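Below is one structure, written out as structure tokens; comments come after it.
The values are calculated or read from the model by the stated rules, or taken from the named source; none is laboratory data. For clarity, every value in this text was computed on a predicted model and none was experimentally measured. Cβ placement follows ideal geometry from the backbone for every residue including glycine, while neighbour counts extend to all protein chains displayed. Note: areas computed on protein heavy atoms with side chains; ligands, DNA, RNA excluded. Shrake-Rupley method; radii C 1.70, N 1.55, O 1.52, S 1.80 Å.
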Amino acid sequence: FKGGDTCEYLLSSGRFLGEKVWQPHSCMMHKYKNSEAKNCLIDKHVVFIGDSRIRQLFYSFIKLINPQVKEEGVKHGNIPFEDKSASVKVDFLWYPEVNGSMRQCIKSWTEGSVAKPHIIVVGAATWSIKIHNGSNEALAQYKINITSIAPLLEKLAISSDVYWVLQDPVYEDMLSESRKMITNEKIDAYNEAAVRILNSSSQNSKAKVKLFSVSKLIAQETIMKSADGLHLPESSRDTNAMILMNVYCNKIMKPIDGSCCQPQPPLTLIQKIAFCFFTLSIIGYLIISLIHRNNYRKNKSCTDLESGEEKKPAISTPNVSTLEMLLQCFCKLGLIMTYFYLCDRANLFMKENKFYTHSSFFVPIVYILVLGVFYTENTKETKVLNREQTDEWKGWMQLVILIYHISGASTFLPVYMHIRVLVAAYLFQTGYGHFSYFWIKGDFGVYRVCQVLFRLNFLVVVLCIVMDRPYQFYYFVPLVTVWFMIIYATLAVWPQIVQKKANGNCLWHFGLLLKLICLLTCIYFLSYSQGAFEKIFSFWPLSKCFQLNGNVYEWWFRWKLDRYVVFHGMLFAFIYLALQKRQMISEGKGDPLFSNRVSNVLLFISIVSFMTYSIWASSCKNKTECNELHPSVSVVQILAFILIRNIPGYVRSVYSSFFAWFGKISLELFICQYHIWLAADTKGILVLIPGYPMFNVLVSTFIFVCVAHEISQITNDLAQIVVPKDNPALLKRLLCIAGFFSGLHFFSAMQDQSRH
């Protein structure tokens, strides 16, 4: 909204999400680990100058570097700290009053060749109020002293980061008798003096002392929990220390989920080329549209001079050429990608951290389920996992996953385990759908492969270019792409066994089962041989696609997490189609899938299995242990859901058109959420309308869904142009695509070289 420096917002404004999570205004705060803090502060010298409150802040700060530190230093004296592994020095200097002693200490750093601290944190006032019994003379002297110190701090601010900590309010009811004179009224007067005097003489924006006023806001909410009414509770001072770490370290470490104090990243060479391409597409489309419009106007009506009657032209509307359709698609895509960039790369819109509560997850879930039920319609066909049903399944799963992401529910383990099943169910459908197509159609042509690969990867490739992210960052698309190629290779390799061939000889069924067993063996071997897996995907050009942060561990983890479920989907499709061919199941409208007795038994087992898995997932205590079991047991709940959804005839004959609509654009929804619904690459939430969380979610969701739907249409239109059915034309397109990726690799190499 206001633009400006997010550091100012971080140091001066914010609010609590719940009781302990601090949310700065307009930006996201990263939670620094010890290793990150050490890397940021390597070879740095940090100094805290002040009273017991500053000493508290000092201890919280050094605990970010070394959590084992105990608060055992002398109370009214200097306290040194050094971490030799990172060569970090942090000192606390006891100067409880703003006086000549403090001035002399600060002045020593401005003279000669004395090494200056990289970070200086100063603050004091309560001792002056206490010693002088809150007298006005003490306040006047404070103003004189701070006036003499201000130019020295401003001089240091040219080369160091200097922070003046404004005084926190006190909880007057809890103050001891010796501190009763420290009132909030006096504290406000001292703060007002500091704000007015500091930076008043500085003309240079780089030589400004940063006012650390956010501590006052934090104290207003938490001072009631203070042990003595003067000092902040531990959680509050830890928050202040984390804010200090973000102010200094974000511009150095550049964490994805730490948007505060981070400058806008410069445009890369590939981004500049993409910008030029989309600009030319927009200009080209506008020129062609204007030419067509003028031609259409000329032919729209012509008057017969003799009869005075108006004649209609022979051609009512001009045909849209392939070039115009191509330019129209790229024109729309260019505008959409501009919105993506502005949302998640430019510092135009605000971003906030996620904060999980049970209501923020479960209330929207109930809401969309009720909506889905209201849009119930009859299916066109009543087969198991028919098109409407699979679209519905994808739709409600995608909506649940979206709510899971925006609510930050990954911190709640039972929800996390159930969402893992939904992701597995998507991959199950990948195995089921592609196996069914190849088994029934027997179409292993290049056109089919290219169509699938284009539809899966088009949006992600564009986002990798525009948002400067690696392919593996959008992990789900690489996952379904690789599994599609594995399914294709398994069925296309000699001997090609399809339904038509197998119907002539039952032995072919055993041949297919043998193929599936070989696939399962390979999956099992790779899942327990990380070295072999990493070697396969470390070869160029696979390494360019599957590496993240310089290694393929993330890819191995993602693949391993759902390694068996695609195989389960293929096996289910094989068994189901075999039963269907032998007419062992009844798929008539309203008919149960099996005989009444068998249907009832299977339905009971399915419900029990479904509930048993949910109870197990809800009782999970350790994410690592549960993730180890997940690949083997997730199929239980998936199969249970399929049977519950399909055994009763009535349930199989209806579907929710609301969920099915979302299911048709589920892939686009999953990918687009990274940048235009969530923020900071899914780590935070995009804020288009600050101060109104519910209204903001409504507006951003509406735009997000519209954009996803539009991208789905653009992808479908471009797929018809880029992947034609004619083989010679398709070969030419493939050569062009190969040239495009070669150019992309060349520019990427140039880009990497310039970065290093």
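Which of the residues that make up segment 573-594 are touching a Phe, Trp or Tyr at 6+ places or on another chain (Cβ under 9 Å), among the aliphatic types (A, V, I, L, M) and within 15 Å of I642 (Cβ to Cβ)?
Correct list: A573, L577, I585.
From the list Y367, Y341, which one is free of Cβ contacts under 8 Å to residues at least 12 places away in the same chain, within 24 Å of the chain's Cα centre (by Cα) and open to solvent by 30 Å² or more (accessible area, probe 1.4 Å)?
Sole residue among the options that is free of Cβ contacts under 8 Å to residues at least 12 places away in the same chain, within 24 Å of the chain's Cα centre (by Cα) and open to solvent by 30 Å² or more (accessible area, probe 1.4 Å): Y367.
Residues to consider are G100, G50; find the one that is over 36 Å from the mean Cα position of the chain (by Cα), assigned by the TED database to the domain that holds K216, surrounded by fewer than 19 Cβ atoms within 10 Å (Cβ to Cβ) and farther than 28 Å from K351 by Cα.
G100
Looking at segment 131-181 only, could you name the residues that are under 24 Å from I120 (Cα atoms), among the aromatic types (F, W, Y) and either assigned to a helix (DSSP H, G or I) or open to solvent by 40 Å² or more (accessible area, probe 1.4 Å) (or both)?
Within segment 131-181, just Y142 meets the criteria.
For residues in segment 639-656 being open to solvent by less than 10 Å² (accessible area, probe 1.4 Å) and not in a loop (DSSP other than H, G, I, E, B), which is nearest to I607 (Cα to Cα)?
A640
Hey, among A194, A227, which residue is assigned by the TED database to the domain that holds Y59, open to solvent by less than 10 Å² (accessible area, probe 1.4 Å) and either touching a residue at least 40 places away in the same chain (Cβ under 8 Å) or of a type outside the set (D, E, K, R) (or both)?
A194
Determine which single condition W396 fails, assuming it passes every other condition in (1) out of contact with any Leu (no Cβ under 9 Å at 6 or more places or on another chain); (2) touching a residue at least 40 places away in the same chain (Cβ under 8 Å); (3) at negative phi.
Every condition holds for W396 apart from (1).
Helices (runs of 4 or more DSSP H) wholly in segment 657-754 with at least 2 residues that are open to solvent by 70 Å² or more (accessible area, probe 1.4 Å) - which ones?
Because the criterion is at least 2 residues that are open to solvent by 70 Å² or more (accessible area, probe 1.4 Å), the helices (runs of 4 or more DSSP H) in segment 657-754 that meet it are 657-664, 693-722.
Which numbered condition trips up K589, out of (1) closer than 18 Å to V480 by Cα; (2) touching a residue at least 40 places away in the same chain (Cβ under 8 Å)?
Tallying (1) closer than 18 Å to V480 by Cα; (2) touching a residue at least 40 places away in the same chain (Cβ under 8 Å), K589 fails exactly one: (1).
On the given criteria, is T357 among the β-branched types (V, I, T), open to solvent by less than 60 Å² (accessible area, probe 1.4 Å) and farther than 13 Å from L688 by Cα?
For T357, the condition - among the β-branched types (V, I, T), open to solvent by less than 60 Å² (accessible area, probe 1.4 Å) and farther than 13 Å from L688 by Cα - is met.
Check off (1) within 30 Å of S108 (Cβ to Cβ); (2) among the acidic types (D, E); (3) outside any helix (DSSP H, G or I) for D228 and give me the number that stays unchecked.
D228 satisfies every listed condition except (1).
Where in segment 1-106 are there helices (runs of 4 or more DSSP H), lying fully within it, with 3 or more residues that are more than 30 Å from N696 (Cα to Cα)?
34-40, 52-65
Of (1) in a loop (DSSP other than H, G, I, E, B); (2) over 22 Å from I149 (Cβ atoms); (3) more than 26 Å from the chain's Cα centre (by Cα); (4) hydrophobic (A, V, I, L, M, F, W, C), L267 satisfies all except one. Which?
Just one mismatch for L267, condition (3).
Show me the helices (runs of 4 or more DSSP H) entirely contained within segment 321-431 in which 1 or more residues are within 29 Å of D468 (Cα to Cα).
322-344, 387-407
Given (1) touching a residue at least 60 places away in the same chain (Cβ under 8 Å); (2) more than 46 Å from the chain's Cα centre (by Cα); (3) not in a helix (DSSP H, G or I), identify the lone condition not met by W127.
The failed condition is (3).
Given the criteria hydrophobic (A, V, I, L, M, F, W, C), within 37 Å of the chain's Cα centre (by Cα) and within 22 Å of N457 (Cα to Cα), does L571 qualify?
no
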